[in-house]
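Undergrad: Structure provided below as structure tokens; questions to follow.
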Amino acid sequence: MTGSEFIPKQSRESSPQAERRTAERSLCRQDPPFRLIIARRYECQWAQGWDVSADGISFLVSTQLEPGALVFVRLRDQENAAPLTLLAEVMHATARPDGRWLVGCRFDSVGGNLNEAERAQLRNELQHQPELPRGAPGQGRFSKELTAKLFFPFAPVF
């Protein structure tokens with residue numbers, strides 16, 4: 001990883017709160033955006049990735065989410081493949097001047113059983129990689145084991 005991929009929280013226009021994360025983060029891929037399904041609201045919206053670590057992800061959304069809220073994050077591993085699902089708990093939400101919200105979440109598989117290697121693979125696949133064109137090898141290539149853990153057919157589809 002080059003030094004340009006690691007972006008400290010303070011330089012990303014985030015909340016002035018004290019840093020709580022212990023895992024290194026990097027910019028999140030912007031393409032494609034992912035679907036966010038907000039549990040208990042029966043609401044679905046697009047989210048734009050902001051940054052990602054092995055333990056969490058932050059994204060921009062158009063509505064406020066309260067800390068403690070649970071959301072399904074629907075990802076696409078490959079074109080025309082079934083979406084994969086992360087279960088995420090909102091840790092913080094910060095209003096931005098453009099009217100959107102920067103939301104930080106801690107994530108796991110719906111079954112709560114991601115191991116350290118799978119978390120690292122998720123982080124690597126979700127991080128922004130400017131040197132790789134879309135669809136290049138190394139993007140959208142989750143292991144069979146990780147794909148099986150993230151396939152959750154019962155997540156609501158809107």
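Undergrad: Looking only at the range 83-132, how many residues end up being in a helix (DSSP H, G or I), over 13 Å from the mean Cα position of the chain (by Cα) and crowded, with 16+ Cβ neighbours inside 10 Å?
TA: Residues that pass the stated criteria total 1.
Undergrad: In addition: Consider the range 31-47. How many of its residues are more than 18 Å from residue 112 (Cα to Cα), of a type outside the set (Asp, Glu) and surrounded by fewer than 18 Cβ atoms within 10 Å (Cβ to Cβ)?
TA: Adding up the residues that qualify gives 8.
Undergrad: Are any residues in the range 8-55 in contact with a Ser or Thr (Cβ under 7 Å, 6 or more places away or on another chain), at pLDDT below 85 and within 19 Å of residue 97 (Cβ to Cβ), and if so, which ones?
TA: First pass over the range 8-55, keeping only residues in contact with a Ser or Thr (Cβ under 7 Å, 6 or more places away or on another chain): 14-15, 21, 23-25, 45, 50-52.
Retained after the next criterion (residues that are at pLDDT below 85): 14-15, 21, 23-25.
Passing the criteria: 14, 15.
The values are calculated or read from the model by the stated rules, or taken from the named source; none is laboratory data. Not measured: the values here are computed from a predicted model. For neighbour counting, all protein chains shown are included, and Cβ atoms are generated from backbone atoms with ideal geometry for every residue, glycine included.
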